[in-house]
Amino acid sequence: MSTNEIKNLEEIFEAKIARDEKIEPKDWMPEKYRKTHIRQISQHAHSEIVGMLPEGNWITRAPSLRRKVALLAKVQDEAGHGLYLYSACETLGISREELYEQLHSGKAKYSSIFNYPTLTWADIGAIGWLVDGAAIINQVPLCNTSFGPYARAMVRVCKEESFHQRQGYEIMMTLCNGTQEQKDMAQDALNRWWWPSLMMFGPTDEESTHTAQSMKWKLKRKTNDELRQQFIDQTVPQADILGLKIPDDNLKYNNDTGHYDFGEIDWSEFWQVVKGHGKCNKERLNARKNAWENGKWVREAAMAYADKQHQRKTKQTG
Amino acid sequence: MTKQNLIHYIYGIADNALILGQRLSELCGHGPTLETDIALTNIALDLLGQTRSYYQYISNLTTDGSTEDDVAFLRKERQYRNVLLVEQPNTDFAYIIVRQYFYDVFHYMLLQELQLSKDVNLTAIADKSIKEVGYHQQFSGDWVKRLGDGTSESHDKTQQAVNDLWVFTEELFHLSNEDKIVVDSGHGINPKSFKDQYFNKISTLLEDATIKVPESKYFQKGGKDGIHSEHMGYILAEMQYMQRTYPDMKW
Amino acid sequence: MKKNWPLWEVFVRSKNGLEHRHFGSLHAPDAEMAIKNARDVYTRRKEGVSIWVVESKYIKASNPDNNAEMFDPADDKAYRHPTFYDLPDDVEHM
């Protein structure tokens, strides 16, 4: 194809997205669109399955049977969401195995929030409340994103995720209505998870490299800073109901803007964790690698069995 | 039959579901594929759901106000009545599947009988659970075949798991003296009535999976009398961690 | 040996009376397992009463590059639709 032809195709393509038409896997798409989507969808998928680990850490220690089944179901949902997203990504011509390889080699990223340790039961509450809360804000706009398979996966994810945040908030609520020790536990969890949750929206708009392009392709509808502000505005009143204090002395409602002003985010910490030097980066990645490597013989066995069955059948009928 | 006898008997069923559910929940996020993770978690959720039904019934039977969670988390090791089979560790996927299959087939036959119990609460739980367990035994059975008749590596691992776990099968059919009272009253059921059927069924499937049925006549038991393997203490230490560290709190 | 589980497409009937609808995909070593995995992945909130699976590679798709020839010719065949025909308003049951 000549450069002119490609340019023409690109114009038609961009116009289609601008008209809110969806792009489907077999449609022509610019190489950059494909690559960006593989990167973002797989990063999203990796985040789901790495995200199973910090919470999975507490399933066996959940303090009641009701909490245990709820947490188990939640972590299972995350596996499901990872699966939907990997499937969406695979429609772009890359296999799940290749995507895993990128994760395991450190080439692909996942949400840094999961590199923080879950130290007490209250962390499970805080994750559901804050981390899932932030995730929902990031994800809801994606239900309308331009790439069909991604949008469809997100519709399913958002529908299923509606209980996750409530699950977390209910845990926090119970702790805050409990003994002093439980309240302290809840406050401590909020202290540790607040700032990392704010970092989940990514670098500030000035620093963010992908925003403009992502907006055009409807991978993003609002900027990182807008989403972060939305999260803060909706979470502060929720903390008030719990009777917990957000660990930010500069947090104050601004009557002029109608939003909360907040303190400086420690971006050096953000970049440290992104670059692989968070508390749990190694553990998380190793857990995923081990699961994959230890499962190799199982996956091979099932394929060998399927081949044998197939041969047996062909012999019978042949 | 006293109420105490009945409670004792129910523990003999419910604790299996709890401990196996607990073992399976250790795996969430660590399985060979996302698909198997999701499947095994479903089984864990079924088992924990059943556990809750039994414990809620026990909680209704007791007069001291014990809740399902008190029953689940506050007993001492010797008071748990699960069989040794379900407390065996997740050594590898072959152990996980074989342990599951050995238990599922028993569990299904047990529930079939329990549906005929005089105790309407138990029949109600059995009616609901049997559909879940029907699926469990299909799932685990399918996997035993795939692992046994897969590659030579998977075959050897499966044979090893079968050899090691076989010694715990006989205990499934053990009844304590108290259990016998409940069985005689028509509330409990006697698993010996389907013991031959059980061994026939698992042997047939193992042979189908090209796995040799162990000939060993030496079996281990004790769990049903509260004498567990060394694994049990660790399972409880983890499971009861919150309840023991922060007594008398609501979560 | 390096052989990965193939991809399957999953179709679920939500309830009797409705058609099977494409729900998504998953990996499985064979059809039997694909159905089981589909049950666990796609119907754990009681979303279905029947499942179809087909290995993705067996699905043949039309080429979107040919969409103009394939689908546009149907655009101007308004006579296939009831509104094409003019009838007085007082004609009922039609």
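In the range A:218-258, the ratio of gyration radius to Kirkwood radius, Rg to Rh, stands at 1.05 when only Cα atoms are counted. For chain C, the list of chymotrypsin sites (Phe, Trp or Tyr not before Pro) that fall in a loop by DSSP and count at most 14 other C-beta atoms within 10 angstrom reads C:85. Computed from backbone phi with θ = phi - 60° and the Karplus coefficients 6.51, -1.76 and 1.60, the 3J(HN,Hα) list for the range C:39-56 is 4, 6, 7, 9, 10, 6, 10, 6, 7, x, 10, 7, 10, 10, 10, 9, 5, 3 Hz; x is used for glycine and proline.
In a reduced charge model with +1 at each Lys and Arg Cβ and -1 at each Asp and Glu Cβ, chain B shows a dipole moment near 460 debye about its Cα centre. With a Förster radius of 60 Å applied to the beta-carbon distance between residue B:76 and residue C:90, the computed FRET efficiency rounds to 0.10. The charge dipole of the protein assembly as shown, taken about its Cα centre with unit charges on the Cβ atoms of Lys, Arg (+1), Asp and Glu (-1) only, comes to about 1460 debye. In a DSSP loop and with at most 10 other Cβ atoms within 10 Å, the trypsin sites (Lys or Arg not before Pro) in the range A:1-56 are A:19.
Counting only other chain Cβ atoms within 10 Å of each residue's Cβ, the peptide C:38-49 averages 4. Backbone phi angles across the range B:192-200, fed through the Karplus curve with coefficients 6.51, -1.76 and 1.60 (θ = phi - 60°), yield HN-Hα couplings of 4, 5, 10, 5, 5, 4, 4, 5, 4 Hz in residue order; Gly and Pro are listed as x. Helix content alone sets the calculated 222 nm mean residue ellipticity of chain C: runs of n ≥ 4 DSSP H residues at -39500 (n - 2.57) each, divided across all residues, give -5000 deg cm²/dmol. What is the list of residues in the range A:103-147 whose amide nitrogen lies under 20 Å from a point 7 angstrom out from the Cα of residue A:15, following Cα to Cβ? Flagged as within label range: A:146-147.
Using a Gaussian network model of chain A in which every pair of alpha carbons under 10 angstrom is joined by a spring, one finds that among A:191, A:294, A:177 the greatest mean-square fluctuation is at A:294. Seen against the Cα atoms of chain B and their longest principal axis, helix B:120-148 is set at about 20 degrees. Residues whose amide H lies under 5 Å from that of residue C:7, counting only those 5 or more places away or on a different chain, are C:56; hydrogens are built 1.01 Å from N in the peptide plane. By the Cα gyration tensor, chain A has an equivalent ellipsoid whose semi-axes, rounded to whole angstrom, run 36, 29, 17 from largest to smallest. Per-residue ellipticity at 222 nm, computed for chain A from helices alone with -39500 (n - 2.57) per DSSP H run of at least four residues, works out to -21500 deg cm²/dmol. Label zone of residue A:209 (point 7 Å out along Cα→Cβ, amide N under 14 Å): in the range A:103-136 this covers A:108-109. Candidates B:108, B:60, B:48 compared by Cα position along the dipole of the range B:3-245: farthest toward the positive end lies B:60, with charges placed on Cβ. Considering helices alone, the calculated mean residue ellipticity of chain B at 222 nm is -21000 deg cm²/dmol, with DSSP H runs of length four and up weighted by -39500 (n - 2.57) and normalised per residue.
If I build a Gaussian network model for chain A, linking alpha-carbon pairs within less than 10 angstrom, which residue out of A:87, A:112, A:64 has the largest mean-square fluctuation? Largest GNM mean-square fluctuation: A:64.
Across the range B:216-222, computed HN-Hα scalar couplings (Karplus, 6.51 cos²θ - 1.76 cosθ + 1.60, θ = phi - 60°) run 3, 9, 9, 10, 10, 8, x Hz from first to last residue, x flagging Gly and Pro. Between the amide H of residue C:24 and those of C:10, distances stay under 5 Å, these residues lying 5 or more places away or on another chain, with hydrogens modeled in the peptide plane. Residues whose amide H falls under 5 Å from that of residue A:220, counting only those 5 or more places apart or on a different chain, are A:215, with hydrogens built in the peptide plane.
Sorting the Cα pairs of the protein assembly as shown by distance into bins of 20 Å, from 0 upward, gives 16, 45, 30, 8, 0 percent per bin. Spatial offset of the range B:47-70 relative to the range A:176-203 amounts to 32 Å, using the alpha carbon center of each.
Highest GNM mean-square fluctuation among C:34, C:68, C:78, for chain C modelled with Cα contacts below 10 Å: C:78.
For the range A:1-104, dividing the convex hull volume of the Cα atoms by the residue count gives 114 Å³ per residue.
Over the whole of B:231-243, what's the average partner chain Cβ count within 10 Å per residue? Rounded to a whole number, please.
The per-residue average across the peptide is 2.
Filter the GluC sites (Glu not before Pro) in the range B:144-251 down to the DSSP loop ones having no more than 12 other Cβ atoms within 10 Å, then list what survives.
B:215, B:230
Averaged over the residues of peptide A:87-99, the number of Cβ atoms from other protein chains lying within 10 Å of each residue's Cβ is 3. Note on the range B:3-245: Cα convex hull, mean projected area over all directions, 12.6 nm².
Relative to the first principal axis of the alpha-carbon coordinates of chain B, what is the inclination of helix B:34-61, with its axis defined by its Cα atoms, in degrees from 0 to 90 and to the nearest 10? Between the helix axis and the principal axis of chain B, the angle is about 30 degrees.
Coordinate-derived values only; no laboratory data. Keep in mind it's a predicted model, so treat the numbers as computed, not measured. When we count neighbours, we look across all protein chains shown, and the Cβ atoms used for this are built from the backbone with ideal geometry, even at glycine.
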